[in-house]
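Peer 1: Got a structure for you, written out below as structure tokens; questions coming shortly.
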Amino acid sequence: MSRYVALGSSMAAGPGIRPGAVDAPFRAGRSARNYPHLVAQRLGLDLLDVTYSGATTANILTDPQNGAPPQADALDGSEDLVTVTIGGNDVGYVPLLMAAGLPRFVRSLPLLGGVVRGMLDPTARDRALVEVAESLKEVGRTLRQRSPLAKVLFVDYLTLLPPTGAAPPLADVDVALGRRVADTLERLTKDAAADTGCGWVRVAQASLDHHAWSAQPWTTRPGLPVPGRPAPLHPNAAGMRAVADLVVDATT
């Protein structure tokens, strides 16, 4: 059976989508119905899913995460397919939107207010985007080197925000910043794939009409985490099925 290794952050792991993956670390938030599992079932592949909620590009390349080794260590060169969804945590994409959804008075609180204002600081987000550009390319180079015979696919992020207009309760200025971060991250993922000989699965583009505020959302809105339900501002089950369809199409 052909080997498939899936890497990435919570947008690939699928926290809160039941049932959870067997033997996965609790903090990974790994679902048995995330897109890697669905792709493996569709294509008859032997899956090794090392996706982990909160992962950054450093956790792909060099840094352990809560006792789990760097995700790229899972590659041994025998893979036929490798997917990776990464970069959002490097730039604070979801934390930005979560911060934007908090009541305004939180921004004036000691300690917590400073963290929230930092997440909503355009200069800080732009600086993080500059840094992740090279990190994404390093991910592509590393995966290509370690899995020279595999099809390696960058799978970008489902669209969270409406392409235009409001996204209550988020302020318009925060929505604009979130869109800019998402659009830039999409472009940087495209560039990393092109520069390193990897494929690019255009999930963001395919999900424009299925944002969290749409009639048929593939992601969830801001809010408090609820046990047994998909995490806020993350893929829902329909979103994972849609991403799996796109990945399967990209393998043929």
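The values are calculated or read from the model by the stated rules, or taken from the named source; none is laboratory data. Keep in mind it's a predicted model, so treat the numbers as computed, not measured. Cβ coordinates were reconstructed from backbone atoms using ideal geometry, including for glycine residues, and neighbour counts include every protein chain displayed.
Peer 1: State yes or no: is Tyr52 touching a helix residue (DSSP H, G or I) at 6+ places or on another chain (Cβ under 9 Å), among the hydroxyl-bearing types (Ser, Thr, Tyr), within 22 Å of Leu185 (Cβ to Cβ) and without any contact (Cβ under 8 Å) to a residue 60 or more places away in the chain?
Peer 2: When the stated conditions are applied, Tyr52 passes them.
Peer 1: Moving to a separate point now. Taking Trp218 as the residue in question, decide whether it is buried (at least 21 other Cβ atoms within 10 Å of the Cβ), touching a residue at least 24 places away in the same chain (Cβ under 8 Å) and of a type in the set (Phe, Trp, Tyr).
Peer 2: Spelling it out, Trp218 is indeed buried (at least 21 other Cβ atoms within 10 Å of the Cβ), touching a residue at least 24 places away in the same chain (Cβ under 8 Å) and of a type in the set (Phe, Trp, Tyr).
Peer 1: Given the criteria surrounded by 14 or more Cβ atoms within 10 Å (Cβ to Cβ), touching a residue at least 40 places away in the same chain (Cβ under 8 Å) and over 17 Å from the mean Cα position of the chain (by Cα), does Thr251 qualify?
Peer 2: So Thr251 fits the description; yes.
Peer 1: Okay, moving on. Whether any residue in the stretch 63-73 is touching a residue at least 60 places away in the same chain (Cβ under 8 Å) and farther than 22 Å from Leu38 by Cα is what I want to check.
Peer 2: Scanning the stretch 63-73 turns up no residue that is touching a residue at least 60 places away in the same chain (Cβ under 8 Å) and farther than 22 Å from Leu38 by Cα.
Peer 1: Between Leu143, Leu160, which is touching a residue at least 12 places away in the same chain (Cβ under 8 Å), in contact with a strand residue (DSSP E or B) (Cβ under 7 Å, 6 or more places away or on another chain), not acidic (Asp, Glu) and not in a helix (DSSP H, G or I)?
Peer 2: On inspection, the qualifying residue turns out to be Leu160.
Peer 1: Take the residues in the stretch 110-148 that are out of contact with any helix residue (DSSP H, G or I) (no Cβ under 7 Å at 6 or more places or on another chain) and closer than 19 Å to Val175 by Cα, then tell me which one is modelled with the lowest pLDDT.
Peer 2: Only one residue fits best here, namely Val115.
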